[in-house]
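Engineer: First the structure, which I've put down as structure tokens, then a few questions once you've had a look.
The values are calculated or read from the model by the stated rules, or taken from the named source; none is laboratory data. Computed from a predicted structure; not experimentally measured. Cβ placement follows ideal geometry from the backbone for every residue including glycine, while neighbour counts extend to all protein chains displayed.
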Amino acid sequence: MTNSNIKKTNSKPSGLSSTEFSFSTAGYKHITKPGLTEGTIREISAIKNEPKWMLDIRLRAFRQYQLLNTPPWGADLSGIDFDNLRYFLKASDEKLSWDDVPPEVKETFDRLGIPEAERDVLAGVKAQYDSEVVYGSLKSVWEKDGVIFLSMDEGLEKYPDLVKEYFGKVIASNDNKYAALNTAVWSGGSFVYIPKGVEVKMPLQTYFRINAELSGQFERSLIIVEEGAKVHYVEGCTAPNFSSTSLHSAVVEIFVKPGATCQYTTIQNWYKNIYNLVTKRAYVETEGKMIWTDFNMGSKVTMKYPGYILAGKGAVGETLSMALAGEGQHQDTGSKAVHLAPYTSSNIVSKSISKSGGRSSYRGLVKIAPDAHHCKSSVICDALILDPESRTDTYPTNIIENNQVEMQHEATVSKVGDDQLFYLMSRGINEEKAKKMIVNGFIADLVKKLPMEYALEMNRLIDHEMEGSVG
Amino acid sequence: MKKSTLKPQTVIIDKDTKHVIEQPGHYIFEIIKPGIKVDIFSAIQAHGEETKELNVIIHHKAAKTTAQTTLKAVGFDKSTLIMKAKILIDPDCQQTESFLTERVLLLSKDAHAIAIPDLEILTDDVKCSHAASVTQIPEEQIFYLTSRGISRRTAEDMIVEGFLKMTE
């Protein structure tokens, strides 16, 4: 790997003290008043100069949001004070090149360890500063092939017909309370369109962060991968330190056309007071393939179940999910596979680590419809629990509506074995280091699937999180 | 999902036991004494348009307990099988071992199965796993028997009989 990647890896992991990730909200161009009313939504829509149909979608979603209930299952969400959240923040105008980005924004990105040189290596860096993308560049090579990689707001402005055709088509606004909220107040996110047969060889990347205290970030992403095309999209997250609880509620919709492949990788490392409630779903057509790589380490509460609807013959879904729950954290993650067509297959691998009183839960769904014969589904969940205060749960639901299927589910729970520790310590390795080695080994299979720089970062992060875990 | 309307039936386990569940229903097994070993077995069948629901909770309330739970079910015709099972390990139940297997065989394409094996673990020093599978009879097994002059129907019956037998 090049120097720039290593530089990035060195600076990003949370080895910094928490205050170094803290920035004030002074200098925002536009901040809505706390709370949410129909007026707030009209205001957001007007600022963005949106077409009327989008405002109508937002208003309808807002009414649905008011009617829907908080899910009776899952994590405790009572700590969110919806009335005191700000629903829209605009940092600065969009700039064309990195040099034009204001110094204070740049400083934030430097702290996050996004080196400028990285632009030359990676496909295109979209960095989301609060609610809107402030900087984005895409290699002209792919622009020539017709690849579109814009912020969702730009996407709506430049390709309204495409957005209208796909927006809300795989995740309806009334899918759940938080999807409705997102649809009502969405801002930012990515719009990606890969034309027929185009293979994007390097991953497309974005960085999301929340900056202003009490700001909700409601990004909305739409990825369309046309027939036979291929893309890997990487979303990395880190958020600065602030005192009150904040909310992040995203919606990601992906359309995988016949024979296309899409991989979506998330590294979620929000600061530990954020509620992260995300709805992600892909619609996969004939012989298409969707891969979710979902790594959750940060936030106070995460509820996220990336899913796929396998709608075409021979479609494939794959999920690699990893969660690390430390003190005061609840990672409620998993995956949903809905098999609608014959010969479809899904493969879900989940690994979780609970420590210092943290709780990690796997919650998943496999549904095989009556006409979906010759389907295969395999779900494997492994949990590691590091101390007596922690907790781990597995809640899989399997609904099988025909008999020509092979459905398997397996889950195991274990701790770091005394015999394993003894083996390593008898060879002169101290207990802390031995534990780190065992934990890194536990997740090694999944980390290998990440792009190189993220894999390094992941190992460092785990090392950091494990520090002082020897009682 | 609809809430189960079955009335729970609590079985207190305070000595080594082999328990066979004869009927579908809602059972809570509470293992209350340290060092106990329990085997729980169930085999159910559903025919016609029946819906059969088995809901089992294995609740470890003491340290050093071991449980092995095997739940098998066969669905014929247009039947629906609902198999819920949960392993619950309380805090401070160190050195608990609990294993759960749910195996469902569906013999007709109109038969449905819902398998929900849950784990809730509040102690670290445990060995715990569950596995669930839903399949039909492998065609190779049928072929093996029919090639030896056994009719398809009889072959299926034989395989089902073997499947539902309690294994040691």
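Engineer: Consider residue A:194 against the criteria (1) at pLDDT below 65; (2) surrounded by 24 or more Cβ atoms within 10 Å (Cβ to Cβ); (3) more than 25 Å from residue A:64 (Cα to Cα): it satisfies all of them except one. Which criterion is unmet?
Structural biologist: The number of the failed condition is (1).
Engineer: Hey, any hits in the range A:424-447 for a residue that's within 7 Å of another protein chain (Cβ to nearest Cβ), surrounded by fewer than 18 Cβ atoms within 10 Å (Cβ to Cβ) and of a type outside the set (Gly, Ala, Ser)?
Structural biologist: The answer is no, given that none of the residues of the range A:424-447 is within 7 Å of another protein chain (Cβ to nearest Cβ), surrounded by fewer than 18 Cβ atoms within 10 Å (Cβ to Cβ) and of a type outside the set (Gly, Ala, Ser).
Engineer: Still on this model: Considering only helices (runs of 4 or more DSSP H) fully contained in the range A:1-101, which possess at least 1 residues that are farther than 30 Å from residue A:364 by Cα, out of contact with any Leu (no Cβ under 6 Å at 6 or more places or on another chain) and modelled with pLDDT of 60 or more? Even if it seems obvious, please write down each step before you answer.
Structural biologist: Values: elements: A:3-11, A:38-47, A:52-67.
Per the criteria, A:38-47, A:52-67.
Engineer: Yes or no: residue A:372 hydrophobic (A, V, I, L, M, F, W, C), surrounded by 23 or more Cβ atoms within 10 Å (Cβ to Cβ) and more than 10 Å from chain B (Cβ to nearest Cβ)?
Structural biologist: yes
Engineer: Can you name the residue in the range A:406-422 that is of a type in the set (A, V, I, L, M) and farther than 18 Å from residue A:307 by Cβ and is also farthest from the other protein chains (Cβ to nearest Cβ) among such residues?
Structural biologist: Per the stated criteria, the residue is A:421.
Engineer: What tally of residues in the range A:331-344 results from selecting those that are surrounded by fewer than 24 Cβ atoms within 10 Å (Cβ to Cβ) and either outside any loop (DSSP other than H, G, I, E, B) or under 17 Å from the mean Cα position of the chain (by Cα) (or both)?
Structural biologist: Summing the residues that are surrounded by fewer than 24 Cβ atoms within 10 Å (Cβ to Cβ) and either outside any loop (DSSP other than H, G, I, E, B) or under 17 Å from the mean Cα position of the chain (by Cα) (or both) in the range A:331-344 gives 2.
Engineer: If you don't mind, there's one more thing I want to ask. Considering B:51, B:65, B:96, B:69, which residue is under 23 Å from residue A:379 (Cβ atoms) and in the same structural domain as residue B:28 (by TED's automatic domain parsing)?
Structural biologist: Working: B:51 fails: under 23 Å from residue A:379 (Cβ atoms); B:65 fails: under 23 Å from residue A:379 (Cβ atoms); B:96 fails: under 23 Å from residue A:379 (Cβ atoms).
Checking each option against the conditions leaves just B:69.
Engineer: Now for a separate question. Return the total of residues in the range A:35-71 being of a type in the set (Gly, Ala, Ser) and within 25 Å of residue A:302 (Cβ to Cβ).
Structural biologist: Residues that pass the stated criteria total 2.
Engineer: How many residues are free of Cβ contacts under 8 Å to residues at least 60 places away in the same chain and either crowded, with 24+ Cβ neighbours inside 10 Å or more than 7 Å from every other protein chain (Cβ to nearest Cβ) (or both) when one looks only at the range A:376-392?
Structural biologist: 11
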